[in-house]
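One structure below.
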Amino acid sequence: MLGIVLGLVILMVLAYRGWSIIWVAPIAAGIVALFGGLDLLPAYTDTYMEGFVNFAKQWFPVFMLGAIFGKLMEDTGAARSVASAITKLIGTKRAALGVMLGCAVLTYGGISLFVVVFAMYPLALALFREANISRRLIPGTIALGAFTFTMTAVPGTPQIQNLIPTSYYGTNAMAAPMMGVIAALIMGIGGYTYLVWREKKLKEAGEFFTEPKNGEKEEEGEKVPNPWLSFLPLVSVIVTLNLLQWDIVLALISGIVLIMLLNVGKVKGFIQSMNQGAGGSVLAIINTSAAVGFGSVVRAVPGFERLTELLLGIQGSPLISQAVAINVLAGATGSASGGMGIALEALGDRYMQLAMETGMSPEAFHRVASIASGGLDTLPHNGAVLTLLAITGLSHKESYKDIFVVGCVIPIVSVAFAIVLGTIGLI
């Protein structure tokens, strides 16, 4: 047990300091193995790498195709076109709502969070400038639309955080729709209400829009594709995944093919976009696989049984212990998918067994796992948070408070409601 705790602490501290989990995870796993009485070399070459490789084997096509799809949407201007149409429809009077919904549509359509940040920031800057709202609220607004309900709660989302539980619980992306919708409403309405309140407080304090230090201006005259046509690839992914029940790999391929057909005039740039998307996916899958490998070593040591007893001994529904485990591990790794991967790799079989023994639906475990992964993952060392602040040119001191409330506090509240619903069978 001491080795497991020490390994987690080292993993969390080093990740927080910006050290790559690719080489930090094996070191932390080595500490767990050493305290657990395992031989170090076999613990790495066999146990750790088996968990690493199995996860990569199962999920690399999804990571790669998702990244390529997002990159094509970005480079063809389709993502910007869809987002721009939504923000114009909402108008500047509700700038935060427009940005939030623009992010939500792109995320629910299968575009990666990082691409959404790049696509939405120029639009958010223009809207906040026209509405005279402090720029410090832009990161929180983008985080609310991209990092919360469409990532984990809305049924059918093709984001990886909603797909990983399917391999452990035999479910699909539409698992527990009632739980998901209610949790999504809590996150969306709660987060937006908070942002409106913050906007009012900042204006009362005399804080309004100021130009970025780099002097970035709104891009004018840039030709973007037709928004209705640009929206079709997003619809294709969602419809083929959820209505036609295609595999996520085929659903993403349908989106890729459609975005290429609709932008055939830009065919010369497709190779570069696909190369960059595929290249970027490698780092993402390795990061998550490294976290899952750590979970495999944790499961192999004798102290894991004691850890399991402690977690499963938490009073009340087993959904509570699952949510606690995933939230803590997501916070430790700074990654929703990484924390979920560790927890389900180590405990997924036990929770599935509990579901069978207690008569609880595996769908409830799926949805709670997904929502719980999107809580403490948004601590300051999270990669998406760091990217968001870097792109917007703002510091943790200026904007992290808002990210923390909409991306951490409110999602944790929503998972509590989801647990109640799952426990009483309203899924």
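The values are calculated or read from the model by the stated rules, or taken from the named source; none is laboratory data. These numbers were taken from a predicted model, which means no experiment stands behind them. Cβ coordinates were reconstructed from backbone atoms using ideal geometry, including for glycine residues, and neighbour counts include every protein chain displayed. Side chains included, ligands, DNA and RNA excluded: accessible areas come from the protein's heavy atoms. Shrake-Rupley method; radii C 1.70, N 1.55, O 1.52, S 1.80 Å.
Taking the protein heavy atoms of the chain in the context of the full set of protein chains, the accessible area attributed to carbon and sulfur is 66 percent at 1.4 Å. Model label points for residue 185 and residue 167, set 7 angstrom from Cα along the Cα-to-Cβ axis, are 3.4 nm apart.
Length gained on full extension, residue 282 to residue 409: 42.6 nm, using 0.36 nm per residue less the C-alpha separation. Per residue, the Cα convex hull of segment 93-237 amounts to 121 Å³. Our coupling estimate for segment 51-64, obtained by passing each phi through the Karplus curve with A = 6.51, B = -1.76, C = 1.60 and θ = phi - 60°, is x, 4, 5, 4, 5, 4, 4, 6, 10, 4, x, 5, 4, 5 Hz, Gly and Pro reported as x.
Over all distinct Cα-Cα pairs of segment 76-143, the Kirkwood formula returns a hydrodynamic radius of 11.5 Å.
Highest-first packing order for the peptide set 46-54, 356-364 is 46-54, 356-364, based on the mean count of other beta carbon atoms within 10 Å. Principal axis analysis of the Cα atoms in segment 160-204 yields extents of 51, 19, 10 Å, listed in decreasing size.
Under the 0.36 nm per residue contour assumption, what length would be gained going from the current alpha-carbon distance of residue 23 and residue 271 to full extension? Computed gain between residue 23 and residue 271 is 86.2 nm. What the Cα convex hull of segment 47-110 gives, in volume per residue, is 89 Å³. Extent of the chain along its three principal axes (Cα atoms, max minus min coordinate, largest first): 64, 51, 42 Å. With θ taken as phi - 60° and the Karplus curve 6.51 cos²θ - 1.76 cosθ + 1.60 applied, the whole-hertz 3J(HN,Hα) list for segment 201-209 is 5, 5, 5, 5, 7, x, 9, 10, 5 Hz, x standing for glycine and proline.
Full extension of the chain segment joining residue 249 with residue 130 gains 38.8 nm, where the gain is 0.36 nm per residue of separation less the Cα-Cα distance.
Summary value for segment 142-205: 35 percent relative contact order, contacts being C-alpha pairs under 8 angstrom separated by 6+ residues. All Cα-Cα separations within segment 1-92 were binned at 5 Å from zero, giving a P(r) of 3, 12, 13, 13, 13, 10, 8, 8, 7, 6, 4, 2, 0, each value a whole percent of the pairs.
Where only DSSP H runs of four or more residues are counted, the chain gives -23500 deg cm²/dmol as its mean residue ellipticity at 222 nm, each run worth -39500 (n - 2.57).
Residue pairs exceeding 19 angstrom between C-alpha atoms, taken from 201/401; 88/203; 71/266: 88/203. Over all pairs of different C-alpha atoms in segment 165-306, the reciprocal of the mean inverse distance, the Kirkwood hydrodynamic radius, equals 20.8 Å. Considering Cα pairs under 8 angstrom that are at least six residues apart, work out the relative contact order of segment 281-427 and quote it in whole percent. Rounded, it is 26 percent for segment 281-427.
Segment 250-282 and segment 97-132 have their alpha-carbon centroids 21 Å apart.
For the chain, the Cβ-based charge dipole about the Cα centre amounts to some 960 debye (Lys, Arg positive; Asp, Glu negative; other atoms uncharged). Applied to segment 263-277, the Karplus parametrisation 6.51 cos²θ - 1.76 cosθ + 1.60 on θ = phi - 60° returns per-residue 3J(HN,Hα) values of 10, 4, x, 9, 4, 5, x, 5, 4, 4, 5, 5, 4, 5, x Hz, with x for Gly and Pro. The mean accessible area for residues of the chain, using a 1.4 Å probe and ignoring ligands and nucleic acids, is 41 Å² per residue.
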